[in-house]
Every structure is written in structure tokens, then in C-alpha cells.
Amino acid sequence: MNKSNKEHRLREVKCPTGFNWSNLKAELKAVWEANIKDWKIEFAYPVSFIRQLISPLVFLLPFLLYGLVLVGEEGYSENLAQLVGTGDVVAFIFTGYILMGFIGTAVWAMGFSIRRERWFGTLEAIYVTPSSRLGQVLGMALHSTVHQILGTIIQFIVIYLTFGLALKIEGILPALAIFALMMLALYGFGIVISALGLILKEGWVVSDSLYSIMMILSPVAYPLAVLPTLAQQASYIFPTAPALIGMRSFLIENYRPEAAGNVFLHLLFLGAAWILFGVLVFRLVDVYVRKRGILKKF
Amino acid sequence: MMKSTYQQSVLRSNLSVVWNELVKNIKSLLAYPAILVFWAIFPIFWFIPFILQGQAFVGGFESASFAQITGSGEYVPFIVIGAVLNSYVNTLLYGMGENIRKESYQGTLDYVLAAPCNKAYVLIGKALSESVSSTIFAASQLTISVILFGMKITLGVMLPVFFIVILLMLGLYGMSLILAAFSLMYKQSYDLSQTIGYVFYIFAPVRYPVESLPTWAQIFGKLIPLTYALIIVRSFMLLGTDFSAVYLEVLALLIIDIALLLAGFYLFSWMEEKTKKSGTISHH
């Protein structure tokens with residue numbers, strides 16, 4: 001058959017090598033398909049889908065109700081106002097908690113993407129496809145991020161209607177920019193966790209422990225000032241602390257940022273560092289598990 | 001005489017089933033030390049944010065607004081007691097349903113159900129092992145909280161508290177049996193137990209007093225055994241009351257326990273028969 005023949009060219013399977021536009025397009029398609037696959041699986045279990053959609057609200061409510069019991073029904077804390085300039089507990093907790101769900105995205109959805117394929121018995125099939133393993137993880141991250149955004153919208157509507165929310169509308173765009181930078185760094189963190197899922201038998205213990213530590217180090221329901229000095233310093237390694245401070249300064253009236261410095265630059269640096277670290281760890285673990293032949297082991 | 005000897009032998013066999021099931025589950029737990037350490041320590045990390053939130057909002061360890069509703073302004077012991085009792089929900093509620101599912105994953109469910117013994121004793125063994133592990137985890141969390149937050153506990157109240165914890169566990173056994181029954185038939189009990197966990201978390205006074213909820217939610221919360229257990233234990237430990245002050249709550253807890261246990265055993269036997277007939281026991 002003539003190689004210039006159109007039919008032959010259509011049948012030809014190109015193996016992607018090197019970093020070029022064609023390969024990037026192929027990888028993006030793989031990411032998109034992994035995302036679609038996850039949505040299809042999710043819609044196959046409607047009860048699970050709805051439960052996961054309302055879970056951000058379920059975990060936010062205790063923080064709000066407890067906060068209101070502590071300060072009284074008016075929802076104003078003198079002490080919080082002294083620490084950060086605003087005493088509005090509902091706005092403070094809401095802006096903090098919306099980010100927590102996205103930490104879950106990084107830790108659980110990305111961290112367990114590989115592990116889940118192992119449970120389903122499809123990991124080996126995915127490993128032999130001529131595409132990057134990271135594409136699979138990123139596809140699941142994309143699905144989980146969109147899922148979390150839907151949950152956050154529900155969260156916002158319910159909290160707005162029940163408790164009332166006083167946020168600055170003009171701060172939404174810069175807050176979204178901060179959010180995007182934070183997600184970049186969280187994706188890097190998620191890649192590290194997914195690499196751990198390849199070698200650890202009980203990976204959920206590590207994921208849950210890291211999530212718990214990150215939750216304490218992030219100023220979700222309290223300002224950083226109440227943490228011990230060492231914990232305050234450690235919180236700047238993770239993207240959530242600078243992102244929360246930055247977003248609150250754009251969204252909440254009279255909010256006084258607890259830390260100096262440019263939040264955008266800080267997050268850019270953290271994003272680059274976590275992505276590089278994540279990809280490096282993933283590559284090392286990937287080579288290790290294939291050499292040792294432990295990919296299929298539970 | 002012969003009948004009596006036979007009855008003694010049956011009783012011994014049944015107790016042996018319970019004991020061996022208990023030992024098997026404890027051995028399985030000890031085989032994963034990371035999980036053991038996780039449940040003994042990490043649930044503390046889930047309530048530390050609430051304590052830090054309290055410090056940020058009131059600037060100390062007491063809140064006047066909190067005292068108006070609960071009778072005590074100290075929010076730290078309130079949160080710790082809520083979290084420790086809620087850990088029984090986490091381990092018992094999810095544990096029992098998943099325990100049956102685990103047998104199915106491991107390929108041992110067929111053998112367990114085909115064994116010539118009453119399955120109720122297998123379940124009692126599983127429930128006891130979950131209780132032992134839950135109590136070890138709860139004791140560990142409470143001890144760490146006493147050390148970390150300087151909580152004061154009078155040893156005299158621990159006996160009535162333990163009695164209430166047993167009543168709570170009985171109610172949770174009932175719920176777990178219902179979940180285990182659904183797990184036999186519909187396999188994916190995970191979503192159901194998670195949803196029940198959400199209901200407990202929101203409507204029971206785990207993190208906040210039940211009075212802070214709207215009236216309809218308070219009524220709903222009164223159907224949950226954890227609500228009564230938390231009210232009674234907090235009354236003993238924080239307000240220093242005795243049984244006479246909370247006898248109505250104890251009675252309500254007892255009634256809920258009986259109803260849940262009866263429903264649990266009935267549903268489990270029914271589902272077991274149904275799955276045996278349909279031949280879907282070992283399906284995943």
C-alpha cells in the first residue's frame with residue numbers, strides 16, 4: 001500500500017514522543033477522556049453522586065452553627081475583629097471552608113485515582129496505553145474539581161439564603177485568580193499523594209493524615225494568629241494559607257491580612273514547586289513499581 | 001438430664017463462635033498497625049479546628065453565649081466528649097456493614113454463612129470486636145485530650161458514663177445490623193452508612209448543642225441514640241448531675257435501642273434468607 005495513501009495515514013498509529021503540539025493535544029485528549037469516564041461512572045450511582053454533592057454543605061454547617069453558638073445569634077465576634085479586622089463569623093467561615101473541599105479534591109480524588117483503577121482491575125490496562133500516567137491523574141482531578149465547584153455553588157446558595165452572606169462582589173475576579181493559582185499547587189500535592197498510593201498498601205491512612213494536618217494548618221475557621229508560631233510557619237508550605245488570606249482580603253469588608261507579602265507571587269512559587277516535586281516523585285515511584293513488578297499487588 | 005447436657009453443649013458452641021469471631025477480627029486489626037495508630041490518634045485532629053475556632057472567636061476557653069444554652073461555658077470538654085462518642089459511630093456504624101462486605105471481598109462470606117451455627121452469634125462476635133476496638137480508640141483519644149487540653153475528669157463519673165456508652169453501642173449495633181442486612185442484599189452499603197453518618201453529624205449534638213438547631217431538626221435529632229448519649233454524658237461530666245436528672249433521656253435511649261435491635265435482627269435474618277434463595281451472597 002502506498003504510504004501517501006489517505007486510508008493508510010488514517011490507520012497509522014503515531015506513538016507520541018517528545019514535547020510538541022501534537023503530543024500535547026493527544027495528552028489533553030487523554031485527560032479529557034479520563035474526566036468523561038469518571039463522570040460516566042459517577043452518574044451510574046445517582047445516590048452516591050447526590051451524597052457527594054451535598055457533602056461540602058454537611059461539613060460546613062457544624063462550623064457555622066458552632067461559631068454562632070459561641071458568639072451569639074448576631075454572629076459577630078469582638079475577638080475575631082481584633083485579630084483580623086472583621087467580626088463577621090459567617091463570612092469568615094464560609095470563605096475559609098469553600099477551599100477545604102478542594103483540598104479533598106487533591107488528596108482524595110487525585111490521590112486515589114490510581115488506587116481506584118487498581119480496585120477496578122483496570123490499572124495494568126491503563127499502564128500499557130501509550131499515554132502519560134499523569135494524564136489519568138489529571139483527568140480525575142478535572143472531574144473532581146468540577147464536581148467540587150457544583151457542591152460549592154449549592155453550599156453558597158444554602159448559606160446565602162439561611163444565614164445571609166456579606167461579600168464584596170468586586171473581589172470575586174481576583175479571588176478566582178488566587179483560587180486558580182492555589183489549585184495549581186494543590187494538583188502538585190495531589191500528584192505526590194497519588195504516587196504514594198502506588199506503593200503503600202493502606203494509602204488512605206496517609207491521605208487522611210495529611211488532610212487532617214493540612215486542615216489544622218489552614219486558617220479555615222480561625223486566623224493563623226491562634227496557631228503556635230512553628231505551625232504558622234509550616235502553614236506557608238501549603239498553598240491554602242496564603243490563598244485563604246488573599247481571597248478573604250478581596251472578599252470580606254475590613255479584613256486585615258494576617259501576613260505581609262504578595263499572595264500571587266507566593267502562590268506562583270508554591271505552584272511551580274509542588275508541581276515539579278509531584279512530577280519528580282511520581283516518575284521515581286512509577287519506575288520503582290514497574291521495576292519491582294508490584295503494580296498489581298494490593 | 002440429656003437435654004440439659006445438650007443445651008450446655010449448644011451454649012458452649014455458640015460462645016465459641018462469638019469468641020473466635022472476636023479473636024479473628026482483633027487479629028485482623030492488629031495485622032495493620034498503621035490503621036490502629038490512625039484511629040487511636042487522628043480523630044483528635046478532626047476536632048482541634050473547633051477548639052482553635054473557639055479561641056479565635058471568644059479569646060479564651062469559656063463563652064457566655066455557650067453557657068446560656070448548654071449550662072457550661074467551657075466549650076473544649078463539650079467538643080471532646082462529642083468527638084469521642086461520635087468515634088463510636090464512625091467505627092461501629094461503618095465497621096459492621098463493611099465487616100460483612102469485607103468477608104465478601106475476601107471470598108469468605110459463603111463459608112461464614114454456610115457454617116453450621118446461628119449467624120446471630122457470628123454477628124455478636126463481630127459487634128463485640130468492633131466495641132472492643134472502638135473503646136480502645138475512644139479511651140486513647142480521651143487520654144490524649146486530657147493531656148493536651150487539661151480536661152478534668154472525675155473517676156467517679158466514669159462508671160455511669162461507661163453504662164451509657166454500652167447503651168449507645170446497643171443502639172448502634174441495631175443500626176449496624178440493618179446496614180449489614182442491606183449490605184447482604186444490595187452490596188453497596190457504603191453510601192447508606194455514609195448518609196446515616198451525615199444525619200448523625202448534623203442532627204445530633206456532636207459539635208453544638210441540639211438547641212441551636214431549628215425545632216423540626218431538634219425533633220428529628222431526638223430519634224437518634226447518639227443525641228441522648230451525648231446529653232446524658234455531658235450532664236454527668238460537665239454539669240455534675242446524676243441519673244435522677246436524666247432518667248427520661250436514659251429511658252428514651254433504652255427504648256430506641258430495643259426498637260433498633262429488634263428491627264436489625266429481623267431484617268438481617270430476612271435478607272439472609274432472601275440472598276440464599278437468590279444465590280447472590282458472593283456477588284460483588
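The values are calculated or read from the model by the stated rules, or taken from the named source; none is laboratory data. All values reported here derive from a predicted model rather than from experimental measurement. FYI the Cβ positions are ideal-geometry reconstructions off the backbone, even for glycines, and counts take in every protein chain you see.
Confirm whether B:Lys277 is free of Cβ contacts under 8 Å to residues at least 60 places away in the same chain and out of contact with any Phe, Trp or Tyr (no Cβ under 9 Å at 6 or more places or on another chain).
Numbers: free of Cβ contacts under 8 Å to residues at least 60 places away in the same chain: yes; out of contact with any Phe, Trp or Tyr (no Cβ under 9 Å at 6 or more places or on another chain): yes.
Considered against the rule, which asks whether it is free of Cβ contacts under 8 Å to residues at least 60 places away in the same chain and out of contact with any Phe, Trp or Tyr (no Cβ under 9 Å at 6 or more places or on another chain), B:Lys277 comes out as yes.
Any idea which of (1) facing chain B (nearest Cβ under 7 Å); (2) not in a helix (DSSP H, G or I) is the one A:Thr86 doesn't satisfy?
So the condition that A:Thr86 fails would be (1).
If I filter the range A:195-212 down to residues being within 7 Å of chain B (Cβ to nearest Cβ) and part of a helix (DSSP H, G or I), which single residue comes out as farthest from A:Tyr97 (Cα to Cα)?
Within the range A:195-212, the subset within 7 Å of chain B (Cβ to nearest Cβ) is A:202, A:205, A:208-209, A:212.
Filter once more, so that each one left must be part of a helix (DSSP H, G or I): A:205, A:208-209, A:212.
Working: A:Val205: 23, A:Asp208: 17, A:Ser209: 18, A:Ser212: 14 Å.
Taking the candidates together, the pick is A:Val205.
Go through B:Phe50, B:Phe66 for me and flag whichever is crowded, with 18+ Cβ neighbours inside 10 Å, within 22 Å of B:Gly240 (Cβ to Cβ) and at the interface with chain A (Cβ under 8 Å from one of its Cβ atoms). Outline the logic, then answer.
Details: B:Phe50 fails: within 22 Å of B:Gly240 (Cβ to Cβ).
When all the criteria are applied, what remains is B:Phe66.
Assess whether B:Gly73 counts as being within 14 Å of chain A (Cβ to nearest Cβ), among the small types (Gly, Ala, Ser) and touching a Ser or Thr at 6+ places or on another chain (Cβ under 7 Å). Walk me through it before giving the result.
Working: within 14 Å of chain A (Cβ to nearest Cβ): yes; among the small types (Gly, Ala, Ser): yes; touching a Ser or Thr at 6+ places or on another chain (Cβ under 7 Å): yes.
Yes: the conditions hold for B:Gly73.
Can you name every residue in the range A:40-53 that is more than 8 Å from every other protein chain (Cβ to nearest Cβ) and surrounded by 15 or more Cβ atoms within 10 Å (Cβ to Cβ)? Before the answer, list the steps.
Filtering the range A:40-53 down to residues more than 8 Å from every other protein chain (Cβ to nearest Cβ) leaves A:40-44, A:46, A:49-50, A:52-53.
Passing the criteria: A:Glu42, A:Phe49, A:Gln52, A:Leu53.
Taking the conditions exactly as written (assigned to a helix (DSSP H, G or I) and closer than 28 Å to A:Gly197 by Cα), does A:Ser249 satisfy them or not? Please lay out each step first, then the result.
Numbers: assigned to a helix (DSSP H, G or I): yes; closer than 28 Å to A:Gly197 by Cα: no.
The answer is no for A:Ser249.
Checking the condition touching a residue at least 40 places away in the same chain (Cβ under 8 Å), of a type in the set (A, V, I, L, M), surrounded by 23 or more Cβ atoms within 10 Å (Cβ to Cβ) and at the interface with chain B (Cβ under 9 Å from one of its Cβ atoms), which residue from A:Leu60, A:Leu80, A:Leu70 passes? Break it down stepwise before answering.
Values: A:Leu60 fails: at the interface with chain B (Cβ under 9 Å from one of its Cβ atoms); A:Leu70 fails: touching a residue at least 40 places away in the same chain (Cβ under 8 Å).
Answer to the check: A:Leu80.
Under the condition of being of a type in the set (S, T, N, Q) and assigned to a helix (DSSP H, G or I), which residue from the range B:213-263 is farthest from the other protein chains (Cβ to nearest Cβ)? I'd like the intermediate steps shown before the answer.
Our first condition is that a residue be of a type in the set (S, T, N, Q); within the range B:213-263, this holds for B:215, B:218, B:227, B:235, B:241, B:244.
Now restrict to residues that are assigned to a helix (DSSP H, G or I): B:215, B:218, B:227, B:235, B:244.
Numbers: B:Thr215: 15, B:Gln218: 12, B:Thr227: 15, B:Ser235: 18, B:Ser244: 27 Å.
Checking each candidate, the answer is B:Ser244.
Does A:Val107 satisfy the criteria of being under 19 Å from A:Trp39 (Cα atoms), within 11 Å of the chain's Cα centre (by Cα) and at pLDDT 85 or above?
On the way: under 19 Å from A:Trp39 (Cα atoms): yes; within 11 Å of the chain's Cα centre (by Cα): yes; at pLDDT 85 or above: no.
In short, no.
Out of all the residues in the range A:86-103, is one or more among the small types (Gly, Ala, Ser), out of contact with any helix residue (DSSP H, G or I) (no Cβ under 6 Å at 6 or more places or on another chain), within 20 Å of A:Trp204 (Cα to Cα) and surrounded by 17 or more Cβ atoms within 10 Å (Cβ to Cβ)?
no
I'd like the full set of residues that are under 17 Å from A:Trp274 (Cβ atoms) and in contact (Cβ under 8 Å) with a residue 60 or more places away in the chain, limited to the range A:145-187. Full working, then the answer.
Residues of the range A:145-187 that are under 17 Å from A:Trp274 (Cβ atoms), as a first pass: A:145, A:178-187.
A:Ile178, A:Phe179, A:Leu181, A:Met182, A:Met183, A:Leu184, A:Ala185, A:Leu186, A:Tyr187 - these are the residues of the range A:145-187 that are under 17 Å from A:Trp274 (Cβ atoms) and in contact (Cβ under 8 Å) with a residue 60 or more places away in the chain.
Go through the range A:260-280 and count every residue that is over 17 Å from the mean Cα position of the chain (by Cα) and either crowded, with 18+ Cβ neighbours inside 10 Å or among the basic types (Lys, Arg) (or both).
2
Quick one: which residue in A:Thr145, A:Thr129 is among the hydroxyl-bearing types (Ser, Thr, Tyr), under 23 Å from A:Val31 (Cα atoms), more than 14 Å from chain B (Cβ to nearest Cβ) and assigned to a helix (DSSP H, G or I)?
Values: A:Thr129 fails: assigned to a helix (DSSP H, G or I).
That would be A:Thr145, the only listed residue that is among the hydroxyl-bearing types (Ser, Thr, Tyr), under 23 Å from A:Val31 (Cα atoms), more than 14 Å from chain B (Cβ to nearest Cβ) and assigned to a helix (DSSP H, G or I).
Checking the condition modelled with pLDDT of 85 or more and within 14 Å of chain B (Cβ to nearest Cβ), which residue from A:Val192, A:Val220 passes?
Values: A:Val192 fails: within 14 Å of chain B (Cβ to nearest Cβ).
It is A:Val220.
Just to be sure, is B:Glu103 acidic (Asp, Glu), surrounded by 19 or more Cβ atoms within 10 Å (Cβ to Cβ), in a helix (DSSP H, G or I) and within 11 Å of the chain's Cα centre (by Cα)?
Values: acidic (Asp, Glu): yes; surrounded by 19 or more Cβ atoms within 10 Å (Cβ to Cβ): yes; in a helix (DSSP H, G or I): yes; within 11 Å of the chain's Cα centre (by Cα): no.
Criteria not met by B:Glu103.
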